[in-house]
1. Put a dot 7 Å past each Cα toward the Cβ at GLN11 and MET23; how far apart are the dots in nm?
2. Could you point to the residue in SER34, THR75, THR65 farthest towards the positive end of region 8-75's charge dipole, with +1 and -1 charges on the Cβ of Lys/Arg and Asp/Glu respectively?
3. Give the cross-link partners of LYS50 among the lysines, using a straight C-alpha distance below 26 Å as the criterion and excluding same-chain residues fewer than 8 apart.
4. When the expected Rg is taken as 2.2 N^0.38 Å, what fraction or multiple of it is the alpha-carbon Rg of the chain?
5. Quick one: putting +1 on the C-beta of Lys and Arg, -1 on the C-beta of Asp and Glu, what dipole do you get for the chain around its Cα centre, in Debye to the nearest 20?
6. Relative to the first principal axis of the alpha-carbon coordinates of the chain, what is the inclination of helix 2-90, with its axis defined by its Cα atoms, in degrees from 0 to 90 and to the nearest 10?
7. If the cut-off is 18 Å between C-alpha atoms, which lysines fall inside it for LYS45, apart from same-chain ones fewer than 8 positions away?
Amino acid sequence: MQWRTWQTHHQQRKRLKSVNRRMKRLRVEMKEISEGQREIKVGQKKVREKFEAIELECEELRKETILITQQTANTQIRLALMFQILKARQNQELDKATILTHALRDLIERGNQQRKL
C-alpha cells in the first residue's frame, strides 16, 4: 500500500513540475508579448505624430498655394489694366486711359489694405 501512495505522490510531483514548467514558459511568453505590445504602442504614437506633422505641413502648403494663386490672379489683372492703359494712350484715348489708371490705383490700394489685415 505504501508503494502505491508513494507512486501516486511521485506522479503528482511530476505533474506539478510539468505544470510549473509550463507556467514559467507561459509567463516568459506573456512578458515577451507585453514588451512587443508596448513597442507597437510606441511605434503607433510615433507614426501618429509624424502623420499629424505632415497634415499640418500640407495645410500650410494649401494656404500658401491659395495665396500664390490669388497673387497671380491679381498680377494678371494689373498687367491687363496696364496693357489697356498703354493701348488707350497709344490711340490717344486719354479719357479711357484715365479711367483705367484710376481702376489700377484702386486695385493696388485694395491689395495693400488686404495685406495689412
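A short reminder: the numbers here are calculations on the coordinates, not readings from a lab. Predicted model, so just to flag it, every value in this text is computed and none were measured. Positions of Cβ are generated from backbone atoms using ideal geometry, with glycine treated the same way; all protein chains shown enter the neighbour counts.
1. Distance between the two pseudo-spin positions: 2.2 nm.
2. SER34
3. Filter leaves LYS41, LYS63.
4. Cα-based Rg divided by the globular estimate yields 3.04.
5. Value, rounded to 20: 1940 debye.
6. Result, in degrees: 0.
7. The reachable lysines, counting only those whose Cα sits under 18 Å from LYS45, number zero.
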